[in-house]
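Visitor: This structure is in structure tokens; I'll ask about it shortly.
Read the figures in this text as sums done on the coordinates, not as results from a lab. None of these values were measured; they are calculated from a predicted model. Don't worry about glycine lacking a Cβ; one is built from the backbone with ideal geometry, like all the others, and counts go over all protein chains shown.
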Amino acid sequence: MNKRVKVAVVIPAYNSENTLEWVYRNIPQKGIDEIIIVDDGSKDNTVGVIKKLGIKPIIHKQNLGYGANQKTLYTKALKSGAEYIIMLHPDGQYDPKDLPKFIDALKNGKGDLILGSRFLSRGVNETPFYKSISLKLIAFLFNFVLGLHLSEVNTGYRGYSAKLLKTIPFLKNGNGYIFDPQLIIQSVYFGFKIAEVPVSKKYNKEAISPNFSKSIEHGIENIKLLFEYILHRLGAKKADFLTP
């Protein structure tokens, strides 16, 4: 008998009372062994919804940030023995029915980091034009500096092998949105393969999504990270998030 590989879906919840239940109810049951939800100091009834779903919530007493939420989720999933971990947002922008694509890609060894790209999908993609331009520009810069061939890097739909998360120092990453691009750079720096799967992406009024000015701010953060990576590789200045 083959040993069953444990798959965990992790959800970083924050002020998600109106969308979380729909997301949870639409998660395919086949092939998923555990669902972990961390509430990051929500001001609404997100914790009550988590309890209603029959899941014991992990609660941050105050809002620590999107990256901090992921740190708690991945630490918990690794402690639970998960071999493959997939992050799904609770706001309904990403389709839970795309989860099997991540599971298949991870199990078939296509990569240790699997990114869900809206630009590869023939399904729903409601990304505003200005966001599409900025996302493609950032992807171009990451591909150029890191030697990748990705269609999207700023995606929140991601799958990981436990081996990757046990190797990279993700606990040194920032507690905000900068966590995600840092993790991609870490994956490259520590020699892990990155692959993509097509996913749908839609926008709704309940979602917490950066506006135009925030998108510009995040873009600048991404560019600064790439410079940090270059300086680190050249030995000119050590980047802490790349140091084990």
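Visitor: Taking neighbour counts of Cβ atoms within 10 Å as a proxy for exposure, in what order, fewest first, do Lys6, Lys238 appear?
Guide: Details: Lys6 16, Lys238 10.
Starting with the residue having the fewest Cβ neighbours, the order is Lys238, Lys6.
Visitor: Between Ser151, Ser121, Ser16, which gets the highest mean-square fluctuation from a Gaussian network model of the chain, Cα cutoff 10 Å?
Guide: Ser121
Visitor: Quickly estimate the mean residue ellipticity at 222 nm for the chain, helices only: each DSSP H run with n ≥ 4 gives -39500 (n - 2.57), and the total goes over all residues, rounded to 500. If you can, show how the numbers build up before the last one.
Guide: Values: 8 runs with 94 residues, N = 244.
My calculation for the chain gives -12000 deg cm²/dmol from helical runs alone.
Visitor: In terms of modelled amide H atoms, which long-range or inter-chain residues lie less than 5 Å from the amide H of Asn18?
Guide: Amide H to amide H, under 5 Å and 5 or more residues apart or across chains, Asn18 pairs with nothing.
Visitor: When DSSP assigns beta bridges and you keep just the ones with both residues in the chain, what percent turn out antiparallel, to the nearest 5? Provide the component values of the computation, followed by the final result.
Guide: Details: 8 of 27 bridges.
Percent antiparallel among DSSP bridges in the chain is about 30.
Visitor: Still on this model: Using the beta-carbon distance between Glu221 and Lys51 and R0 = 30 Å, what value does 1/(1 + (r/R0)^6) give for FRET efficiency, to the nearest 0.05? Write down the numbers at each step before the final one.
Guide: Values: r = 35 Å, r/R0 = 1.17.
Rounded to the nearest 0.05, the efficiency is 0.30.
Visitor: In addition: If we count other beta carbons within 10 Å of each Cβ, what is the order of Phe142, Phe119, fewest first?
Guide: Ascending Cβ contact count within 10 Å gives the list Phe119, Phe142.
Visitor: Using the Cα centre of the chain as origin and beta-carbon charges of +1 (Lys, Arg) and -1 (Asp, Glu), tell me which of Val7, Ile35, Phe119 is placed farthest towards the positive end of the dipole.
Guide: About the Cα centre, the residue reaching furthest to the positive side is Val7.
Visitor: In whole Hz and in residue order, list the ³J(HN,Hα) couplings for region 185-194 that follow from phi through the Karplus curve 6.51 cos²θ - 1.76 cosθ + 1.60, θ = phi - 60°; x for Gly and Pro.
Guide: 4, 4, 4, 5, 4, 8, x, 8, 7, 10
Visitor: Which ³J(HN,Hα) values in Hz, rounded to whole numbers, follow from the phi angles of region 225-236 under the Karplus curve 6.51 cos²θ - 1.76 cosθ + 1.60, where θ = phi - 60° and Gly and Pro get x?
Guide: 4, 5, 5, 4, 4, 4, 4, 5, 5, 7, x, 7
Visitor: Using the Cα centre as the reference, give the magnitude of the dipole from point charges on the C-beta atoms of region 1-81 (Lys, Arg: +1; Asp, Glu: -1; all else neutral), rounded to the nearest 20 debye.
Guide: Values: 13 positive and 7 negative charges, 81 e Å.
Around 380 debye, computed over region 1-81.
Visitor: Counting Lys +1, Arg +1, Asp -1, Glu -1, what net charge surrounds Asp39 among other residues with beta carbon under 15 Å of its beta carbon?
Guide: Values: positive: Lys43, Lys51, Lys52, Lys56, Lys61, Lys71, Lys76; negative: Glu17, Glu21, Asp40, Asp44, Asp91.
So the surrounding residues net to +2.
Visitor: Now a separate question. Just how large is the dipole of the chain about the Cα centre, in debye to the nearest 20, putting +1 at every Lys and Arg Cβ and -1 at every Asp and Glu Cβ?
Guide: Working: 34 positive and 22 negative charges, 114 e Å.
So the magnitude is around 540 debye.
Visitor: Sort Tyr24, Tyr84 so that the residue with the fewest other Cβ atoms within 10 Å of its own Cβ comes first and the one with the most comes last.
Guide: Values: Tyr24 21, Tyr84 25.
The fewest-first ordering by Cβ neighbours comes to Tyr24, Tyr84.
Visitor: Residue by residue, what Karplus-based ³J(HN,Hα) values in Hz, rounded to whole numbers, does region 15-23 have, using 6.51, -1.76 and 1.60 with θ = phi - 60° and x for Gly and Pro?
Guide: Using θ = phi - 60°, the values come out as 6, 10, 4, 8, 10, 4, 5, 4, 4 Hz.
Visitor: Just to confirm a number: summing +1 for Lys and Arg and -1 for Asp and Glu over residues other than Pro100 whose beta-carbon lies under 13 angstrom from that of Pro100, what do you get? Could the numbers behind the result be given before it?
Guide: Values: positive: Lys30, Lys97, Lys101, Lys107; negative: Asp95, Asp98, Asp104.
Once all neighbours under 13 Å are counted, the net charge is +1.
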